[in-house]
Amino acid sequence: MLDAMEIIFMIVIVGEFIMGILGNGFIGLVNFVDWVKKRKIYLVDIILTSLATSRIGLLFMILFNGFTMTLYPEIFDYENIMRLIDGVWTMTNHLNVWFATCLSIFYCLKIANFSHPLFLWLKWRINKVILIILLASLLISVFFSFLITKNYNEIFKSFILRKNKRNNTSSFIYSKMLLNLGSLFPFTVSLISFFLLILSLWKHVQKRKLSSLDARDPSTEIHLRALKTMISFLILFVIYCLTFFIATSNDFFPESELVMIFIQIIAPIYPLGHTFILIWGNIKLNSFLLHNRLNLLYPFIEFIKILEVFILSY
């Protein structure tokens, strides 16, 4: 029988899940409908759709973990199930970070202005660079997923079964570092892109001031919009990583059901919050919301119509 705290917890995570699915589904469907109608898709739309798809997968994993932790905690004792959960969680988590990094790199190359030959070379080949990173991110995520399921599962299971805690401490820390290693590099790249964009904005503003012009011009606004999107990703991802660190370190601290419930509620804020910031920061998505406030189901209806035409044509 569930107590009041567990019922409230399940209601909250289901609400977060629904909001996340609606937000990410909105991004994916608007871009898909736009692509079908115009017969053309832009690189930023590919990145946003890929990011939205991976976040739907991550939200499913967060919801699944919350439900199993509350209703069926004994499921974590089964090795094959844990291996599958670890693998899918690792893949969706790494894909999220890599796709968000692709978006940061895209903003940096598209908006920033530097005269360095390497930067100009990357800027002129932005489409190829981003597509290669997208493909590489998929392969890297699969690799880390395989690596984690092979090495991490037995250690995690040993903690679930409450085996010798002291002897497993070093192995557990190693596995936790391995689990986060795949996210460290793309996060660092996002951080570098963020600082490059800040430097570009600063140079642009200084140049405008020297020319006795208003600092806030269209280029400045574009810089600021991209920076807000990037800094929100960095902050929310750090919060997400901290909650994950606390969750995986739970075996070294006194157990508290309230702490674990709080962590499970905080975890979806990263894929949920950043999604709505992306919608706000994207001109096409934001304009669609402003002009269709009374008909937010429009992309879903259009998707059904396109699907119907496709089925009838065959």
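The listed peptides 278-288, 90-100, ordered by packing as a protection proxy, come out as 90-100, 278-288 (highest mean of other Cβ atoms within 10 Å first). Going toward the positive end of the dipole of the stretch 3-44, with +1 on Lys and Arg Cβ and -1 on Asp and Glu Cβ, which of 15, 25, 41 do you reach last? Sorting the options by dipole projection puts first 41. The slack in the chain from residue 132 to residue 110, taken as 0.36 nm per residue of separation less the alpha-carbon distance, amounts to 6.3 nm.
With viscosity 1.306 mPa s and temperature 10 °C, the Kirkwood radius over alpha carbon pairs of the stretch 1-42 converts through Stokes-Einstein to a diffusion coefficient of 127 µm²/s. Extension gain, residue 203 to residue 184: 0.36 nm times the residue separation minus the Cα-Cα distance gives 4.0 nm.
Full extension of the chain segment joining residue 35 with residue 68 gains 8.1 nm, where the gain is 0.36 nm per residue of separation less the Cα-Cα distance.
Among the listed pairs 37/228; 110/284; 38/123, a Cα-Cα separation exceeding 22 Å is found for 37/228; 38/123. Taking packing as the residue-averaged number of other Cβ atoms within 10 angstrom, the listed peptides 44-51, 219-226 run from highest to lowest as 44-51, 219-226.
None of the figures in this text is laboratory data; all of them are computed from the coordinates on show. The structure displayed is predicted, hence computed values, not measured ones. We place every Cβ from the backbone using ideal geometry, glycine too, and count neighbours over all the protein chains shown.
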